[in-house]
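Asks: Okay, here's the structure, questions in a sec.
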Amino acid sequence: MKGLLVKDFKLMMLQKNFLLLILAIVIGMMVFTDDMAFPLGFLSFVVSLFTVSTISYDDFDNGNAFLFTLPITRNNYVIEKYSLGLLFGCIAWILATVLGIIATVLKGTLPITDLLLVSLIILPIMIIIQAIMLPFQLKFGGDKGRIAMIGAFGGLAIIALIIVKGANIIFDIDLVHILNTLPTVSMGLLVVIAVIVALLLLLISMKISLSIMNKKEF
Amino acid sequence: MLNIEHLKKHYDNFSLDCSLELMSGCVTGLIGQNGAGKSTTFKAILGLISTDGGNITILGKDIKDFTAKDKEDLGVVLSDSGFSGYLKIKDIIPILQNMYTKFDKSFFIEQIQRFQLPLNKQIKDFSTGMKAKLKVLVAISHNAKLLILDEPTAGLDVIARDELLEMLREFMEKDEERSILISSHISSDLESLCDNLYMIHDGKIILHEDTDVLLSDYALLKVDAEQYGKLDKQFILRSKKETYGYSCLTNQKQYYIENYPKIAIEKGTIDEVITMMIRGTEQ
């Protein structure tokens, strides 16, 4: 397991220049614009994407066959990928939040509680995105995985839209308005629930990935 | 060390049914043409593909009970797979250190220097020979008990091949209990290294023999039609029609030397034995 983490860290370091560039863009956005949500989300998502990209690197030139002759099991591999995603995703998220706090404090644009709230909303979204990306990447590999993922996110967006519109038309409830007007306290509660739900989804996603990997032939 | 009983795997136009046994302290070769089933057998042994029947026991354990920890006793080279080509040797060292409890770093680095492999270059930019040496080095650097090598010499020039075989000999010399299962379609590689050979064709083992016996007792008889008619065929394994008459493969060279002094008898090379076993007709 530790060996796998070392390998993935080495693979991610191949793109360290690109990572630094992303970090520079994020800092630039925080300095020059007042929008904090975008750079916060951007950094977390891009780093998540980087952890997922290690799966394509493993897959390159049928490398998986050799990888599974090393002293690891297929289950180890899946669990390691999820740990890696969570670990680096959370590091990026914390880094982005800290940068955001520094920027808002220096610029005095937003109250810190608002920023924290934005940042807390991003956390479950990031986890859910990982939960969706990982099984697709493991099932379809590099190229096909990307296409399948785009499809999945498109599908998800449509479902969300249908729920919001459907609630509006059928039950005459404006979900977006409710979310926007929710008091901070219940918003906090909502975020906690969202994080728990996201983690549950991640667990389900991991179960699916385990069964995908155990069925694979190399 | 390794025991395979009627390992079965079916594909659309290929089916494997293979049994073989590897003794402790032995180097066993698996020879066959491309597509004969060598890689499929290896992948099944390593649990990389599912099987449709049969039993595989490695180091006394059924493959289904083989744990990650048990895998530390194996050293593996696959013909079509290895560490990600984006990694460098200096990246691989800490990975191996964290994978294998018995990884011998000083030995590994010493060998890297001996073969002048670059530490700081991505593996995908290595030459074929360098890649092959690295793969074997990785397999022999963590005190494995059993090496499973699928075509480790494929695509190598004569010198690189010799160096690689030398590495394997050194590996065997260090511990009498060690064993190697190695496949190749270049039989001369195996002639000098293996104690015994299995020949696989169309997914089936068609011959198993000690290398010494193969080289000393197997021979090709070259006979014309008349001689062929009179020939005692009880020790003829395969025969094949030729322009001059027939060529026949025997595993009792001495019998024919003594009884048919006029017949041309050629010492069988492994390549000739393979060709006859595959192309010749059974007696």
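Values quoted throughout were computed directly from the atomic coordinates according to the rules given, and no laboratory measurement underlies them. These figures come from a predicted structure and were not determined experimentally. Please note: Cβ atoms are built from the backbone with ideal geometry, for glycine as well, and neighbour counts cover all protein chains shown.
Asks: Starting with the fewest neighbours, write out B:H201, B:H6 ranked by other beta-carbon atoms found within 10 Å of each beta-carbon.
Replies: B:H6, B:H201
Asks: Taking only the alpha carbons of chain A, what extent do you get along each of the three principal axes, in Å, biggest first?
Replies: For chain A, the Cα spread along each principal axis is 55, 46, 26 Å.
Asks: OK, next. What list do you get for B:H208, B:H185 if you sort them by fewest beta carbons within 10 Å? Walk me through the numbers before you get to the answer.
Replies: Numbers: B:H208 15, B:H185 18.
Starting with the residue having the fewest Cβ neighbours, the order is B:H208, B:H185.
Asks: Here's a follow-up. Relative to the longest principal Cα axis of chain B, at what angle does helix B:128-140 sit, 0 to 90 degrees, rounded to 10?
Replies: Here the helix axis deviates by roughly 80 degrees.
Asks: Here's something else I'd like to know. Can you classify the stretch B:6-122 as rounded, prolate or oblate using the Cα gyration tensor, where a ≥ b ≥ c are the square roots of its eigenvalues, rounded means a/c under 1.5, and otherwise it's prolate if a/b beats b/c and oblate if not?
Replies: It is prolate, given that a/c is not under 1.5 and a/b is the larger ratio.
Asks: Sticking with this one: If you wrap a convex hull around the Cα atoms of chain B, how much volume per residue is inside, in Å³?
Replies: Convex hull of Cα atoms, per residue: 149 Å³.
Asks: For the stretch B:146-242, report the translational diffusion coefficient in µm²/s to the nearest whole number, using Stokes-Einstein at 37 °C, 0.692 mPa s, and a Kirkwood Rh over Cα pairs.
Replies: Stokes-Einstein gives a translational diffusion coefficient of 204 µm²/s.
Asks: Right, something else. Among B:173-182, A:171-180, A:11-20, A:54-63, how do they line up from the highest to the lowest mean number of other beta-carbon atoms within 10 Å?
Replies: A:54-63, B:173-182, A:11-20, A:171-180
Asks: Okay, moving on. Could you tell me which helices of chain A pass both thresholds, a Cα extent of 27 Å or more along their own axis and a mean Kyte-Doolittle hydropathy of at least 0.0, with helices taken as whole DSSP H runs?
Replies: Details: long enough: A:37-59 (34 Å, 1.16); A:74-107 (49 Å, 1.14); A:112-140 (42 Å, 2.03); A:142-170 (41 Å, 1.37); A:184-215 (46 Å, 2.11).
Helices meeting the span and hydropathy rule in chain A are A:37-59, A:74-107, A:112-140, A:142-170, A:184-215.
Asks: Sorting B:S127, B:S188, A:S48, B:S81 on the 10 Å Cβ count, fewest up front, what's the list?
Replies: Details: B:S127 11, B:S188 14, A:S48 24, B:S81 21.
So the residues, fewest neighbours to most, are B:S127, B:S188, B:S81, A:S48.
Asks: Report the Rg/Rh value for the stretch A:106-218, based on alpha-carbon coordinates and the Kirkwood definition of Rh. List each step's numbers first, then the result.
Replies: On the way: Rg = 17.7 Å, Rh = 16.5 Å.
Rg/Rh: 1.07.
Asks: Work out the P(r) tail for the protein assembly as shown: percent of alpha carbon pairs separated by more than 44 Å, whole number.
Replies: Cα-Cα pairs in the protein assembly as shown separated by more than 44 Å: 34 percent.
Asks: Please count, across the stretch B:218-282, the pairs of lysine residues with Cα atoms under 14 Å apart that sit 8 or more places apart or on different chains.
Replies: Here the count comes out as 11.
Asks: Determine the principal axes of the Cα atoms in the stretch B:77-131, then give the extent along each, sorted from largest to smallest and rounded to whole angstroms.
Replies: 28, 22, 19
Asks: Starting from the Kirkwood radius over alpha-carbon pairs of the stretch B:218-282, derive D by Stokes-Einstein at 10 °C in a medium of 1.306 mPa s and give it in µm² s⁻¹.
Replies: It diffuses with D of about 139 µm²/s by this estimate.
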